[in-house]
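Scroll down for the structure; my scribbles are underneath it.
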Amino acid sequence: MNSDFAEGHWYDFKYKFDYVADVNIWKANFSEIKKRFQRLASVADWNICNMSHSLQQAFADRKLLKMLGADLNKIDDLLNVIANETHILHTRGYQITALQSIISTMQLNDTDELPWDKHGIINSAAQALDTIIECDLKILIAIKKAIRKLA
């Protein structure tokens, strides 16, 4: 997660869905729009849904963590953040997949403009990316705090 922020992983995706950037998605032809959504959905499926699900599975059972010797008092904040943020991340992964499915099923040529009633799809993707960035950052900060407490 730390390297995702250092390398600007999610910010690069956000930039591709920004309507004021040089790579303005509103100016892109439909093939390019489809390509961006497909790439985002493939990354979202692995990095969001699977990662958040794995974190949920690893940290959800407090009784088991205590049996394994975890000091729940020291990691309580981490467990709470993971429980909340991974739930949000998981649903955002599904949201992005649904948005990509909508774009993929649209029958448009590269000369066609995206219909105005479909512009919300791009805005939804951008907002989902904002949420992903925020959740990732909250989890990363909670992990770093827990490490300091345990050190």
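The table below gives the values:
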{"item": "Distance in nm between pseudo-label sites at LYS118 and LYS145 (7 Å out along the Cβ direction from Cα)", "result": "4.3"}
{"item": "Expected-Rg normalisation [2.2 N^0.38 Å, Cα atoms] applied to the chain", "result": "1.24"}
{"item": "Degrees, to the nearest 10: 119-150 long Cα axis against longest axis of the chain", "result": "20"}
{"item": "Residue order, fewest to most surrounding Cβ atoms within 10 angstrom, among THR105, THR131", "result": "THR105, THR131"}
{"item": "Charge dipole magnitude, Cβ of K and R +1, D and E -1 - the chain, Cα centre, debye nearest 20", "result": "620"}
{"item": "Ranked by how many other beta carbons lie within 10 Å on average, peptides 87-93, 3-9, 56-62, 121-127 from highest", "result": "87-93, 121-127, 56-62, 3-9"}
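Quick note: the coordinates plus some simple rules give every number you see, no bench work behind them. Just so we're clear, the structure is a prediction, and the values are computed from it rather than from any experiment. Cβ atoms come from the backbone with ideal geometry, glycine included; neighbour counts cover every protein chain shown.
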